[in-house]
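Quick notes on the structure that follows.
The values are calculated or read from the model by the stated rules, or taken from the named source; none is laboratory data. Because the structure is predicted, anything quoted here is derived from the model rather than measured. Don't worry about glycine lacking a Cβ; one is built from the backbone with ideal geometry, like all the others, and counts go over all protein chains shown. Ligands, DNA and RNA are stripped out before the accessible areas are found, and what is left, the full protein with its side chains, is counted by its heavy atoms. Shrake-Rupley method; radii C 1.70, N 1.55, O 1.52, S 1.80 Å.
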Amino acid sequence: MISKYHHLIDLNDYPVSWWKKVVSLGEEIKQNPAKFAHECDGKIMATLFYEPSTRTQMSFQTAMLRLGGRIIGFDNPANSSVAKGETIKDTTKIVSSYADVLVIRHPIAGAAKAASLSADCPVINAGDGGHLHPTQTLTDLLTLKIEKKTLSGLTVGMCGDLINGRTVHSLCKALSSFPDNKFIFISTPELRMPVYIKDIIKAHGSEFREVDTLEEAIGELDVLYMTRIQQERFASREEYLAQKDTYVLDRQKMLGAKKDMIVMHPLPRVDEITVEVDDDSRAMYFDQAKYGVYVRMALILTILEEEKSSETLVGKVYSNVRCDNPKCITNHEEYLPKSFRSCGDETLLVCEYCDERKLI
């Protein structure tokens, strides 16, 4: 598979120096947004949102408008040819011919990678199922840079739905690339962080541990990253309700936290952070959402400045091997090449779309 463009599917496809470049540009834009008001005059961004979104969709649209560009796209696939059965390949091929950059959010893991294979412009992953959310990670890195003044030496607690939380998956992969960061994962056994994320953390030499309650970890944390128990990722409402109210951050729990700990959340929240916490000076989730516009402005500029690439993607196509993940895009759109990369030896493969492991 050959990619003609620089896409942002997984932040780890780029070196840390590239992340720092985008984050630094985001800081510059925050300080002087008027300087960038016409950088995208004449450019068009297409937003393909196959599942609901408020912050990600609107912040991308705001980012492009503040850069002087224009937007097209849909926020409900029922109002597009997707409702008639059109594939991601065909939708992407058509819409990318109308635009200079394409932003896609999809409920199925690997959909953004699939879109990038046929796109005629750069593709940005705005969230693919419970897999990854790289632009939220850039938002999170900018928030940490502004509010904690560093991306290293932090003890970061991640709380809630860690198995389905694409935001925490992406952030773990990113922060483990910086020195001396430690992680504490706070979840029920059913919602533990996926093994492949923990393996990435180990490979970078970072420390982590898993605990069951927020109270036993909160006093150690420099950053608490709360997440929503995501009803849409559960097979049944009963499974969701069994987990729903397990973790709630309130004023009482905040008394046990450091005076300079910050609370982050990708939003939307349901009831995992009580409204009384909003008035705490350590609550950064509304500022975090605001910073997302600046970093997405920086990302759009960076992606559009990149020259076309002719790099071969790392995966190898297997004609007789299928991904075992039922939520992988390759099990929904059958035409896609079944591409895997090796993981240590020839018998362990990793799906290039969703990162699911497979023994052969």
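Cysteine residues of the chain whose C-beta has no other cysteine C-beta under 4.7 angstrom: CYS40, CYS121, CYS159, CYS172, CYS343. Compute the longest continuous run of the chain that contains no exposed chymotrypsin sites (Phe, Trp or Tyr not before Pro); treat a site as exposed when its DSSP state is not H, G, I, E or B and it has at most 16 other Cβ atoms within 10 Å. The reported range is 99-317.
Summing charges over all other residues whose Cβ lies under 14 Å from the Cβ of PHE340, with Lys and Arg as +1 and Asp and Glu as -1, gives +1. Our helix-only sum for the chain, with -39,500 (n - 2.57) per DSSP H run of n ≥ 4 divided by its residues, gives a mean residue ellipticity at 222 nm of -9000 deg cm²/dmol.
Accessible surface for LYS338 stands near 30 Å², nearest 10, in the context of the full protein assembly shown (1.4 Å probe). Computed on the chain, the Cα convex hull volume stands at 136 Å³ per residue.
For region 1-83, the list of trypsin sites (Lys or Arg not before Pro) that fall in a loop by DSSP and count at most 13 other C-beta atoms within 10 angstrom is empty. Within the same chain, lysines fewer than 8 places from LYS338 are excluded, and of the rest, those with a Cα less than 26 Å from its Cα are LYS4, LYS84, LYS89, LYS93, LYS113, LYS173, LYS198, LYS308, LYS316, LYS327, LYS358.
On full extension, the segment bounded by THR213 and THR54 gains 54.3 nm, given 0.36 nm per residue less the C-alpha separation. Counted as membrane-span-like here are DSSP H helices of the chain whose alpha-carbon atoms extend 24 Å or more along the helix's own axis and whose Kyte-Doolittle mean is 0.0 or above; these are 285-305. Within the shell of other residues whose beta carbon sits under 11 angstrom from the beta carbon of ILE94, the net charge comes to -1, with Lys and Arg scored +1 and Asp and Glu -1. Spacing of the modelled spin labels on ARG341 and GLU28, each 7 Å from Cα toward Cβ, amounts to 2.9 nm. Taking every DSSP beta bridge that has both ends in the chain, the antiparallel portion is near 25%.
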